[in-house]
Amino acid sequence: MKRPIALFGLMIIVCIVHGQKYTFDVEVTGKGTPVLMIPGISCSGDVWDETVKVLKEDYECHVVTLPGFAGQPPVEKENYLEYIGDELISYLKKEKLKNAVVMGHSLGGFLTLYIGSKEPETASKLIVVDGLPFLGAMQNPEATPETSKSMAEMMKKNIELQTPEQYEAMQPMMLKTMMNADEDIEVVMEWGRKSHTVTVAQAMYELYQIDLREEVSKIKVPTLVLGAWIGYKDYGVTKEMTERTFQYQYRNLKDVTIEMTDEGKHFIMWDDPDFFFTQVKSFLNKKS
């Protein structure tokens with residue numbers, strides 16, 4: 001039996017913020033400079049809970065859960081990432097979040113780069129947590145959307161056809177490369193169970209088909225990139241290899257700082273909070 005998929009058509013959840021409707025959910029906490037926090041694929045905005053606790057005294061945290069992820073009803077679009085990226089830009093503008101910081105994890109990091117490159121005046125700073133301009137070139141720097149297309153299509157199909165049993169069997173193994181604590185793995189698995197399979201598949205496909213490596217040259221604000229590598233240490237990956245990948249992918253972004261954690265896996269804010277908050281607070285406190 002296939003993993004159940006709720007076919008809502010063009011189903012849009014309405015979130016009211018100052019009278020404006022959005023397809024994503026958003027929770028606002030704290031006061032001060034606005035910070036838009038975007039989670040990764042299948043994740044709830046709750047992934048930022050500890051970050052909000054640390055920042056809320058000095059920053060107004062706008063935490064989103066994207067449509068189709070972690071129980072948030074989907075909006076089915078073939079150009080999902082572009083659609084959501086444009087909607088987040090609209091949110092920043094319509095809610096008048098001046099001098100906002102945009103921070104994203106993984107897929108959220110990609111959307112952070114999209115926002116910064118499409119609307120360079122929208123944000124004052126960008127923070128990317130283990131995200132790249134083009135996921136398709138993570139292992140092969142010469143990869144292009146064309147050379148990655150067949151793999152992306154196969155990945156999309158496999159996700160769509162995955163049964164609940166396959167999901168339960170495969171996710172723990174994969175997530176062990178992404179975070180250290182077993183309890184965190186179970187949290188992310190539960191978010192995955194509540195996610196819309198078609199949306200997850202489409203988002204993954206687009207991450208391997210949209211190349212922002214040239215587009216990031218349009219970003220005009222300071223950008224902090226935090227990278228992780230130890231999750232793949234057992235597969236022969238080294239810190240030096242990962243640093244080269246990040247440096248090459250971000251070579252066209254002028255004002256970028258890249259820092260690597262030696263303890264955290266993909267969910268850096270959970271695995272290595274000391275490193276994460278030291279880097280983030282130092283970056284936020286630094287005058288542009």
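The values are calculated or read from the model by the stated rules, or taken from the named source; none is laboratory data. Just so we're clear, the structure is a prediction, and the values are computed from it rather than from any experiment. With ideal geometry, Cβ positions are generated from the backbone for all residues, glycine too; neighbour counts draw on all protein chains shown.
Numbers at a glance
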item	result
Any helices (runs of 4 or more DSSP H) falling wholly within the range 109-228 and containing at least 1 residues that are more than 19 Å from the chain's Cα centre (by Cα) and of a type in the set (Ser, Thr, Tyr)	145-161, 164-175
GLU146 being buried (at least 19 other Cβ atoms within 10 Å of the Cβ), acidic (Asp, Glu) and modelled with pLDDT of 95 or more	no
Odd one out for THR238, checked against (1) hydroxyl-bearing (Ser, Thr, Tyr); (2) touching a residue at least 12 places away in the same chain (Cβ under 8 Å); (3) more than 22 Å from LEU126 (Cβ to Cβ)	(2)
Matching residues, the range 196-221, being within 12 Å of GLY116 (Cβ to Cβ) and surrounded by fewer than 21 Cβ atoms within 10 Å (Cβ to Cβ)	GLU215, SER217, LYS218, LYS220, VAL221
Output for the range 34-72, where each listed residue is part of a loop (DSSP other than H, G, I, E, B), over 21 Å from ASP274 (Cα atoms) and either hydroxyl-bearing (Ser, Thr, Tyr) or over 18 Å from the mean Cα position of the chain (by Cα) (or both)	SER42, SER44
Index of the failed condition, ARG251 passing every other in (1) assigned to a loop (DSSP other than H, G, I, E, B); (2) within 17 Å of the chain's Cα centre (by Cα); (3) among the charged types (D, E, K, R)	(2)
Test: residue in the range 179-199 that is of a type in the set (Phe, Trp, Tyr) and closer than 27 Å to PRO145 by Cα	no
GLU186, sole failed condition from (1) more than 27 Å from VAL102 (Cα to Cα); (2) surrounded by 15 or more Cβ atoms within 10 Å (Cβ to Cβ)	(2)
